[in-house]
Ligand code: DON
């Protein structure tokens, strides 16, 4: 299949939808994103790459970082991690507080904000003040690019406006589900969200999830096959929050979005994909990114269903 030609067609076909999205502004530094930007990158298991659009442009990975932190935490804690964070869809927005109160501070899954904050707390218990560098080094290794960095302006901007996340972490602390100092954990979480990557780097860094947990290029075992299965399952059922059903319905791939405008998607045993378009839908996921992935699975018949 000529994937390059297919993504070139997609770039044309998504143009009418570009103005329908709205860039995230609850993190003020994200409000300056250019809504017209579009990029899509594919990497196949054999290392063949295909890209279109501004695939070298860096953007903050935001909630896509939750895939990396969940991977690292799963390696450390295995099944014990699920005592602190579940694996069911929440059916609620990514930053919702409602279930946390009556579910006693145990977040539904590691991809909503509450679950990701608990995951970062679990990493903090092991790595303390080296936690952010552990996350960053993991990402650098996976994407094969040592220059990956966090963006201080985006980090500071979220820190100054992160009232909702502070509510979540305080509520969880009151239930005993946060082990470390709140400021240490939340600042690590905001820093991981502000890591800057492009679509090519993000697609590369997810390749282990398309290959039973093994990086097919370096042959390194990142997680076990069973753990890779769980991560993919959670991306499918929870990766787009209360739009996860919609994403499965229209795209039909495990995927994870970020409010920076990126979405990563996995085609098991074939490839990893990353798409970028900063205009979001009402659930906070890239509107054109979702559309582009829908067009991709329609044209290639590579949906898992
Ligand atoms: O915690 C937040 O609200 C952001 N740093 C990340 C949220 C996010 O990316 C939601 N995804 N679509």
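Residue 274 fulfils the conditions (1) within 11 Å of the ligand (Cβ to nearest atom); (2) under 15 Å from residue 7 (Cα atoms) except for a single criterion, (1). Evaluate the stretch 19-40: report whether one residue or more is closer than 22 Å to residue 268 by Cα and touching a strand residue (DSSP E or B) at 6+ places or on another chain (Cβ under 9 Å). Yes: the stretch 19-40 contains one or more residues that are closer than 22 Å to residue 268 by Cα and touching a strand residue (DSSP E or B) at 6+ places or on another chain (Cβ under 9 Å). Tell me, which residue of the stretch 235-270 that is buried (at least 24 other Cβ atoms within 10 Å of the Cβ) and at positive phi is nearest to the ligand (Cβ to nearest atom)? Restricting to residues being buried (at least 24 other Cβ atoms within 10 Å of the Cβ) and at positive phi, the top hit is 241. Only residues that are closer than 16 Å to residue 195 by Cβ and surrounded by fewer than 17 Cβ atoms within 10 Å (Cβ to Cβ) were counted across the stretch 141-179, and they come to 9.
Suppose the filter is more than 21 Å from residue 221 (Cβ to Cβ) and either within 16 Å of the ligand (Cβ to nearest atom) or crowded, with 16+ Cβ neighbours inside 10 Å (or both); does residue 132 pass it? So residue 132 passes the test.
Note on the stretch 187-287: enclosed strands (runs of 3 or more DSSP E) holding 3 or more residues that are within 21 Å of residue 48 (Cβ to Cβ) are 262-267, 271-276. From the list 137, 113, the one residue that fits, being closer than 26 Å to residue 222 by Cα, away from the ligand (no atom under 16 Å from the Cβ) and within 19 Å of the chain's Cα centre (by Cα), is 137. Since residue 61 meets every condition but one in (1) within 16 Å of the ligand (Cβ to nearest atom); (2) over 19 Å from residue 196 (Cβ atoms); (3) touching a strand residue (DSSP E or B) at 6+ places or on another chain (Cβ under 6 Å), which condition does it not meet? Failing condition for residue 61: (2).
Test residue 181 against the stated conditions and say whether it is free of Cβ contacts under 8 Å to residues at least 24 places away in the same chain, away from the ligand (no atom under 16 Å from the Cβ) and in the same structural domain as residue 127 (by TED's automatic domain parsing). The answer is yes for residue 181.
The values are calculated or read from the model by the stated rules, or taken from the named source; none is laboratory data. Since the model is a prediction, treat every value here as computed from it, not as a measurement. With ideal geometry, Cβ positions are generated from the backbone for all residues, glycine too; neighbour counts draw on all protein chains shown.
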